[in-house]
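Just below is one structure, and these are the notes that go with it.
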Amino acid sequence: MKVAVLGLGYVGTVTAAGLASQGHEVVGVDVDLMKVDTINGGHSPVVEPRIDDLVRSAVAAGRLQATTDARLALEHADISLICVGTPSLPRGDTDLTYIRRALSDLRDAMTVATPPAAGIHSVVIRSTVPPGTCASVVAPTFAEDELPGQWSVATAMCPEFLREGSGVQDFFAPPFVVVGTEDPRTRDSLAELFAFLGQEIHHVDLATAESLKYACNAFHAVKVTFANEMGRVFAAFGVDGRRVMEIFSQDHKLNIAPAYLRPGFAFGGSCLPKDLRALQSMARYNGVEIPMVGATMTSNEIVVRSLVDRVLGTGYRRVCLLGLSFKMDTDDLRESPNLEVAERFVGKGLDVRIYDPIVNPDLLVGANLRYLQSKLSHVNRLLAASPEEALDGAEVVIVASSHPAALAALKAADPRLVIDLHGRLGEDIERLPAYEGVSW
Ligand SMILES: NC(=O)c1ccc[n+]([C@@H]2O[C@H](COP(=O)([O-])OP(=O)(O)OC[C@H]3O[C@@H](n4cnc5c(N)ncnc54)[C@H](O)[C@@H]3O)[C@@H](O)[C@H]2O)c1
């Protein structure tokens, strides 16, 4: 394919040379003449293992050249890949100046360049941009009335996941290939462009593709900080955190795994809150600061508070809770955030009814029964014997259980608002007109 790559920094140079090495015809564009000259001289303007060889052989084969003139790159090009920088503005928001400039350079170039034989040119963002950028900045630049008659442009987001230091290696073996576009021809073009990877392409909407890179980078930063906080707190006890984390990382069931990585409701139960508090206390006692662990508790509390505020904000007074324990299939009510929500509603004078298939006063035994009777006698009174009874007259239903009887009763009920804390209730429930996700 004929490809224009705008921005010849780390991402652009690796992308341009990588694609050229696979037989694509690539013209790179940069406003920095030195970078352009360096590439045309057969060298890489960025330092990365193997990149110089890749650039040299691509230039020698005549499949890679660079220019400062977007018009030359756009001539007959099927795809433009935008790889310019998106640095932080002083307040932290993303500076889209380079993106806007590259897009307007492209649009201006269309007044003189010949469109591709295929009839459609795809403008694909590889830079990291906030969700909504493609819809609000990229697509309007190429709206039909902005374009010279012979050009037809579709847009897409295809985030880049390479790491500096292993950029070439990562380019040829990315963790995933993600394409966000509404245009089927652009989808096909990108499938052809990246066919050499032999990887399945995840097709998503534009904003999902834009969001993904932020989630990845935030998670990587959180992982580093987590390991550092654990290391620092354990060091105060003479424990080598490297050994702790080495074994920690071998747990592919819960630790290095998809577990706990779905947006949903707050954590709770008899272990997580208690042990986070204990860690904070150990750190405090030893003069070690572990703000991320502290912020985790704060963030969890915000999840609970925002659900309560959201329901109070509706003005509805009759609330039904389906599911009371902190997770399904347990009767443990200790530090259940659902229970906390129920208690706050009661405190605000709402009419609350609760159904939980397991937390049933008739079935509970031992410590949990005593806990319910002594500490939660007020909640005990709110428990309904059946989901139908709990749902009767409810205006708001908060669903924390996927128990079949509870969901069947919910489908037959007619609440004004259903808030899903669970996230996997199935399409039948998600199609209810009153359905909303707690954070989706
Ligand atoms: N560096 C990484 O490891 C990495 C990985 C994945 C994604 N990203 C994202 O990719 C984007 C680019 O990152 P980078 O590290 O390659 O940036 P960079 O700063 O190394 O390179 C950006 C290049 O764009 C050029 N440029 C600016 N305006 C231009 C224009 N109008 N036309 C042509 N060229 C123009 C600059 O001169 C510069 O050479 C950023 O959004 C970044 O967040 C970076």
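Quick one: which of Lys223/Lys253; Lys253/Lys327; Lys223/Lys327; Lys375/Lys411 span more than 21 angstrom between C-alpha atoms?
In this structure, Lys223/Lys327; Lys375/Lys411 lie more than 21 Å apart at Cα.
Thinking of region 63-110 as a set of Cα atoms, what percent of all their pairs are more than 13 Å apart?
The share of Cα pairs beyond 13 Å in region 63-110 comes to 63 percent.
Using Cα pairs under 8 angstrom and six or more residues apart, how large is the relative contact order of the chain, in percent?
9
With each pseudo-label sitting 7 Å past Cα toward Cβ, what's the Thr208-Asp309 distance in nm, one decimal?
2.9
With charges only on Cβ, +1 for K and R and -1 for D and E, what is the dipole size of the chain about its Cα centre, in debye, rounded to 20?
With Lys and Arg at +1 and Asp and Glu at -1, about 1260 debye.
Quantify, in whole percent, the carbon and sulfur part of the accessible surface of region 305-437 (1.4 Å probe; protein heavy atoms only).
The nonpolar share, carbon plus sulfur, comes to 46 percent.
Do any GluC sites (Glu not before Pro) in region 192-289 lie in a loop, going by DSSP, with at most 15 other beta-carbon atoms within 10 Å of their beta carbon, and if so which?
Glu200, Glu289
Would you work out the charge dipole size for region 305-437 about its Cα centre, treating the Cβ of every Lys and Arg as +1 and the Cβ of every Asp and Glu as -1, and quote it to the nearest 20 debye?
About 440 debye.
So if the hydrodynamic radius of the chain is defined as the Kirkwood radius over C-alpha pairs, what does Stokes-Einstein give as its diffusion coefficient at 20 °C and 1.002 mPa s, in µm² per second?
Reported coefficient: 84 µm²/s.
Please give every one of the aspartates and glutamates within straight-line cross-link reach of Lys274, meaning a C-alpha to C-alpha distance under 17 Å, and leave out same-chain neighbours fewer than 8 residues apart.
Glu301, Asp332, Glu335, Glu340
Counting pairwise Cα distances across region 1-67, what percent come out greater than 17 angstrom?
That fraction is 23 percent.
Return the calculated 222 nm mean residue ellipticity for the chain, to the nearest 500 deg cm²/dmol, obtained by summing -39500 (n - 2.57) across DSSP H runs with n ≥ 4 and dividing by the residue count.
Counting only the DSSP helices, I get -12500 deg cm²/dmol.
If region 2-206 were replaced by its equivalent ellipsoid, with semi-axes equal to the square roots of 5 times the Cα gyration tensor eigenvalues, what would those be, largest first, whole Å?
Three semi-axes, in Å: 23, 19, 18.
In whole percent, what relative contact order does region 2-206 give with Cα contacts below 8 Å and a gap of six or more residues?
Value for region 2-206: 20 percent.
Taking every DSSP beta bridge with both residues inside the chain, roughly what % is antiparallel (nearest 5)?
So the antiparallel bridges amount to about 5 percent of the total.
Quote the relative contact order of region 342-405 in percent (integer), defining contacts as alpha-carbon pairs under 8 Å separated by 6+ residues.
Relative contact order, region 342-405: 36 percent.
Which residue, chosen from Ala135, Ile120, Met157, occupies the Cα position most advanced towards the positive end of the dipole of region 2-206, where the dipole is computed from +1 (Lys, Arg) and -1 (Asp, Glu) charges on Cβ about the Cα centre?
Met157
The values are calculated or read from the model by the stated rules, or taken from the named source; none is laboratory data. Treat the numbers as computed from the prediction; the structure is a model and nothing was measured. Neighbour counts are summed over all protein chains in view; Cβ atoms, including those assigned to glycine, are modelled from backbone coordinates with ideal geometry. For the accessible areas, the whole protein counts, side chains as well, though only heavy atoms, and no ligand, DNA or RNA atoms are used. Shrake-Rupley method; radii C 1.70, N 1.55, O 1.52, S 1.80 Å.
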